Amino acid sequence: MVGLVGEYRFARPTFYCATCHACQAPLDGVLGLGDCQLSPGLAEVVCEQAQKDSFAGASRSVLGSVGVAVPEETVRRTAAAVGGLIEQDQADRTAWQVADADVPACLLVELDGVQHAPARRLPRDEGGPSGRP
Ligand SMILES: [Zn+2]
């Protein structure tokens, strides 16, 4: 396993199913460990960098900031895996609903220091070629 402190090993109970010949480690699910070899904390940093840069750039950024070498292909696989989980999580639009009890009766919005270019006026607003307003 590779984490924010570098590479480390840990032992955990694993179970072998004689029927389907699969090995399972229930603690992996509890700890949030997926199929990849990155700890959840390092995977989070890798995904944050992968959002901002190319996979190669994210790999360099993680090495520079955390000091842990994560190959470009591992960045790609991790970002793709997390992206797949996000897509799966957001597929059910009914889960996006905010409970009525959580909706405030009045929503106040304050803008501060916002500047924008004046809207471009269309020729017809200025009278246009015909001279009509
Ligand atoms: Zn089985």
*Helix 40-52 sits at what angle to the longest principal axis of the chain, using alpha carbons and giving 0 to 90 degrees rounded to 10?*
30
*Would you be so kind as to identify which of V2, F15, V70 lies farthest towards the positive end of the dipole of the chain, taking Lys and Arg as +1 and Asp and Glu as -1 on Cβ and the Cα centre as origin?*
V70
*Name the residue, out of D102, D89, D28, whose mean-square fluctuation peaks in a Gaussian network model built on the chain with Cα pairs under 10 Å.*
D102
*asked:* With a cap of 16 neighbouring Cβ atoms within 10 Å, and only residues DSSP puts in a loop, list the chymotrypsin sites (Phe, Trp or Tyr not before Pro) found in the range 1-84.
replied: Y8, F10
*asked:* Which of T78, T14 has the fewest other C-beta atoms within 10 Å, and how do the rest follow up to the most?
replied: T14, T78
*Kindly write out, for the range 88-100 in residue order, the coupling ³J(HN,Hα) from the Karplus curve 6.51 cos²θ - 1.76 cosθ + 1.60 (θ = phi - 60°), rounded to whole Hz, with x marking Gly and Pro.*
5, 5, 8, 5, 8, 5, 5, 6, 7, 4, 8, 4, 3
*Taking every eigenvalue of the Cα gyration tensor of the chain, multiplying by 5 and rooting it, what semi-axes result, largest first, whole Å?*
49, 24, 16
*For helix 55-66, report the angle its Cα long axis makes with the longest principal axis of the Cα atoms of the chain; keep it between 0 and 90° and round to the nearest 10°.*
70
*Could you tell me which of A105, A79, L33 has its Cα farthest along the dipole of the chain towards the positive end, charges placed at Cβ (Lys, Arg +1; Asp, Glu -1), taken about the Cα centre?*
A79
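So how do C20, C106, C47 line up by other beta-carbon neighbours within 10 Å, fewest first?
If I rank by nearby Cβ atoms, fewest first, I get C106, C20, C47.
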_Tell me the net charge near L42. Cut-off is 11 Å between Cβ atoms, L42 excluded, with +1 for each Lys or Arg and -1 for each Asp or Glu._
-3
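Quick note: the coordinates plus some simple rules give every number you see, no bench work behind them. Everything numeric here is computed off the predicted structure, so don't read it as measured data. All Cβ positions, glycine included, derive from the backbone under ideal geometry; neighbour counts span all protein chains shown.
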